[in-house]
Amino acid sequence: MQQPALKKLRSAISTILLLLFLLGGCSSPATIQEAGQDKSSQNQQQNSADKTSDPPGFWLLPQIDGPLYDNLQSQGVTLSQKEIYTPEGNSLNQAVVKIKIGESQAGTGSFVSSNGLLLTNYSTAIQGIAQNSDRNQNYLQNGFYAQSREQEIPLENFSLLITIEQEEITDRINRQLADSLTYRQRRQQKQKIEKQIIADRQSRNNNLVVEINDTWSGNRQFMSVYKVIRDIRLVHAPSNPNIKNAADYAFLRAYESPNGRNKTYNKSNVPFQPEKHLAIADEKVAPQDLTLTLGFPGETQRYESSYAIDFYRKNRNPVLIDTYKAILDAEEYAAGQDSATAIQNAPLRSSLNHNLIYYQALQQGIDEHHIITKKQTEEEQFKKWIKQDSLRNIKYRRVLSQLEQSYRIASQTGDLLFALVNTINNNKLLQIAGLYNSYYEHISDPTNTEISSTKKKGVLQRHQSILSETNIEAQTLMLGDMLYTLATLPDGKVPFHLIELFSNSQENALKKEITSYLETQSSQSIVYDLNRAKEFLNLPADSARNHPKDELVKLYNELLSSYQFSRKNYSQHVPYLRPAQKLYVQGLLKFRGESLTYPDANGTLRLSTGRVKESGDKNSIVNFVSTTDISGGSFGSPVLNNNGNLIGIVAKRSPKSMINDLLYMPKRSQTVNMDIRHIISRISEMYNNSSLLKEMQISDSRTN
């Protein structure tokens with residue numbers, strides 16, 4: 001039974017994770033000014049680019065109009081505006097889905113038949129594949145193919161969101177906000193207005209999910225309306241024993257009730273019939289071919305200031321790299337010890353590997369491409385622009401100093417907080433220690449003279465449950481690496497308890513001290529041994545109260561105290577950051593004066609364009625590379641030709657292009673797409689006379 005204190009901590013950690021990773025979301029221009037480039041020259045180049053080049057970026061559906069659509073047509077797009085997007089109509093947006101597992105976005109998929117057949121990439125579906133595998137039937141290792149609808153496997157907690165409408169509602173909100181409101185009052189009133197707008201829109205249809213997203217750092221708001229599907233089943237996944245290279249494909253199918261309701265799995269459910277599904281292209285791709293990608297790209301931060309990037313470089317990225325590596329190493333160790341564990345934790349290892357590569361690429365890219373210097377150069381030009389007009393000077397003159405102040409506050413404990421969040425939230429030994437920390441808190445109250453056997457039994461059962469599903473050696477290795485990260489933080493940030501425990505600062509000596517400490521705990525702590533735990537729990541309240549506190553429980557308590565302190569300190573920067581970031585982006589939009597701009601990616605449906613750079617080996621049809629602008633949530637997105645037909649799916653992006661999440665550089669944009677011809681060829685080779693290919697209306701001549 002989970003203790004209330006631990007539940008409260010989990011909730012707090014979830015909240016702070018949102019602050020850590022989502023707070024910086026802002027907007028992005030169509031191009032970014034290079035260091036030293038004259039602004040007038042930039043504007044001339046941009047105006048020219050608007051007319052002649054592919055428009056990079058993440059375009060919202062309502063933006064596919066006017067100049068942007070004219071640009072798309074000039075590049076060779078034959079689709080009409082209504083074929084790309086029509087609210088609640090038969091357009092491309094109805095063929096593309098956001099795939100979710102619980103409340104988290106897993107990736108993007110697209111309908112490829114009129115009976116709800118869905119194509120996505122392997123990593124998006126890996127959790128569903130793993131949760132239905134075991135030692136005897138390992139679908140990760142051997143693959144899966146449903147010979148009939150009855151054999152399709154329901155995927156627990158999977159759901160789909162189909163965008164039926166996107167609408168800007170900025171004016172609708174602003175009309176109800178008085179100019180006299182303070183920033184905080186305005187924010188609170190805005191939340192009430194948005195809640196009412198969502199309620200009004202949902203009242204028309206219970207099958208809908210409605211979200212309102214801030215864009216351009218809160219300067220504009222867009223409402224997305226989704227149809228939700230809650231019965232998702234696995235149809236086919238190829239064998240993929242190497243989870244670190246999960247750039248492959250998978251087929252799912254969407255189901256709904258016979259009366260069209262979004263019911264969870266039921267045998268009576270029938271295949272969902274989408275308003276739109278994608279046709280498979282007949283033509284092969286060639287260099288310089290135009291590509292269109294519709295997907296749900298995750299958060300980018302292209303309008304962040306130099307102060308934000310400096311904070312990421314010094315305070316966020318290093319500890320995330322260290323802690324993600326510690327978790328991944330532990331999970332890899334556990335997987336190597338037991339085949340059942342290897343199946344169970346495959347999705348986690350895949351996700352951790354992606355996160356590790358991502359933050360390593362960001363850290364390297366910030367230095368390699370002088371991102372901070374480029375941001376600072378633009379900020380100096382922004383300052384000059386502000387001073388050129390007295391009204392601008394009044395409005396914007398303090399905005400950069402406010403951003404600097406907010407990140408100065410965040411940097412005081414940010415790295416400590418990031419390290420503690422990943423340590424407390426992921427290490428099972430500390431989770432067990434947390435159970436006994438709550439127990440100690442209970443018995444520390446002298447009025448609790450009697451401790452119920454039910455409470456003791458609950459603690460012990462939860463302890464036993466965690467131990468039974470945990471590789472203790474792996475968790476010990478992880479904790480050792482986490483403690484090393486915490487103990488090597490900059491001076492003034494190392495938790496005092498760790499300074500008391502470990503006197504050495506030299507790398508090898510410190511690691512030996514940590515190893516020795518954990519070896520002692522494994523032979524003495526109640527966390528490691530149920531019998532020692534039983535002996536402690538059997539003590540009367542007075543005796544337990546006076547009993548020396550277990551060292552690992554003490555460690556947990558000290559880390560928890562450090563977490564609470566660092567969280568409180570870190571949160572103080574938010575009231576400075578939010579209004580300053582909003583004003584900064586508002587000013588930058590005016591300063592840059594671009595005719596076409598798009599907001600940062602935020603998990604809503606976007607259109608991106610690109611060009612085929614290469615088609616891989618001349619004798620291979622596996623992948624092709626394009627210049628498409630994507631981010632994490634884009635994996636599995638359909639890649640279309642200029643006629644809107646499917647030519648592939650987004651498989652992965654080159655690590656060197658990940659820095660584009662912070663500053664877009666066209667030359668760094670490199671997306672690896674799996675060719676649809678390769679998918680067809682593999683299915684044809686593995687399964688003769690495949691029903692999947694027939695359902696997608698693939699003729700026999702194309703499989704030969």
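Within segment 283-327, the set of residues being within 28 Å of ILE164 (Cα to Cα) and not basic (Lys, Arg) comprises LEU290, THR291, LEU292, THR293, LEU294, GLY295, PHE296, PRO297, GLY298, GLU299, THR300, GLN301. Return a yes/no flag: does segment 134-157 have any residue that is of a type in the set (A, V, I, L, M) and within 30 Å of PRO87 (Cα to Cα). Looking for residues that are of a type in the set (A, V, I, L, M) and within 30 Å of PRO87 (Cα to Cα), one finds at least one in segment 134-157, hence yes. Considering segment 540-592, and only residues there that are over 25 Å from the mean Cα position of the chain (by Cα) and not in a helix (DSSP H, G or I), the residue that is farthest from GLN381 (Cα to Cα) turns out to be PRO540. Selection over segment 440-466 of residues that are in contact (Cβ under 8 Å) with a residue 24 or more places away in the chain, closer than 23 Å to GLU558 by Cα and not in a loop (DSSP other than H, G, I, E, B) gives a count of 8.
Can you find even one residue in segment 155-171 that is at pLDDT 95 or above, of a type in the set (Gly, Ala, Ser), part of a helix (DSSP H, G or I) and out of contact with any His (no Cβ under 8 Å at 6 or more places or on another chain)? The answer is no, given that none of the residues of segment 155-171 is at pLDDT 95 or above, of a type in the set (Gly, Ala, Ser), part of a helix (DSSP H, G or I) and out of contact with any His (no Cβ under 8 Å at 6 or more places or on another chain). Within segment 333-368, the set of residues being surrounded by 18 or more Cβ atoms within 10 Å (Cβ to Cβ), over 16 Å from the mean Cα position of the chain (by Cα) and closer than 22 Å to TYR484 by Cα comprises ALA334, GLN363. Which residues, taken from segment 279-307, are hydrophobic (A, V, I, L, M, F, W, C) and in a loop (DSSP other than H, G, I, E, B)? Across segment 279-307, the qualifying residues are ALA279, ALA281, VAL285, ALA286, PHE296. In segment 641-652, the condition of being crowded, with 17+ Cβ neighbours inside 10 Å, β-branched (Val, Ile, Thr) and in a loop (DSSP other than H, G, I, E, B) is met by no residue.
Scanning segment 93-117 for residues that are of a type in the set (A, V, I, L, M, F, W, C) and either in contact with a Phe, Trp or Tyr (Cβ under 6 Å, 6 or more places away or on another chain) or surrounded by fewer than 24 Cβ atoms within 10 Å (Cβ to Cβ) (or both) turns up ALA95, ILE101, LEU117. Here ARG677 meets the list (1) assigned to a helix (DSSP H, G or I); (2) surrounded by 19 or more Cβ atoms within 10 Å (Cβ to Cβ); (3) within 20 Å of the chain's Cα centre (by Cα) almost entirely, failing just condition (3). When segment 181-237 is limited to residues that are in contact (Cβ under 8 Å) with a residue 60 or more places away in the chain and among the polar types (S, T, N, Q), the one that is surrounded by the most Cβ atoms within 10 Å (Cβ to Cβ) turns out to be SER217. Among the conditions (1) part of a helix (DSSP H, G or I); (2) touching a residue at least 60 places away in the same chain (Cβ under 8 Å); (3) not acidic (Asp, Glu), the only one that ARG313 does not satisfy is (2).
Could you grab me the full set of residues in segment 357-379 that are part of a helix (DSSP H, G or I) and out of contact with any helix residue (DSSP H, G or I) (no Cβ under 7 Å at 6 or more places or on another chain)? Scanning segment 357-379 gives GLN364, ASP367, GLU368, THR373, LYS374, THR377, GLU378.
To keep it simple, each residue is scored yes or no on (1) part of a loop (DSSP other than H, G, I, E, B); (2) at pLDDT 95 or above; (3) more than 15 Å from GLU473 (Cα to Cα); (4) touching a Leu at 6+ places or on another chain (Cβ under 6 Å).
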residue: ASN508; (1), (2), (3), (4): no, no, yes, no
residue: LYS511; (1), (2), (3), (4): no, yes, yes, no
residue: THR515; (1), (2), (3), (4): no, yes, no, no
residue: LEU518; (1), (2), (3), (4): no, yes, no, no
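Note on segment 210-227: residues that are of a type in the set (A, V, I, L, M, F, W, C), within 12 Å of ALA601 (Cα to Cα) and part of a strand (DSSP E or B) total 0.
The values are calculated or read from the model by the stated rules, or taken from the named source; none is laboratory data. Small disclaimer: the values here were computed from a predicted structure and weren't measured. Cβ coordinates were reconstructed from backbone atoms using ideal geometry, including for glycine residues, and neighbour counts include every protein chain displayed.
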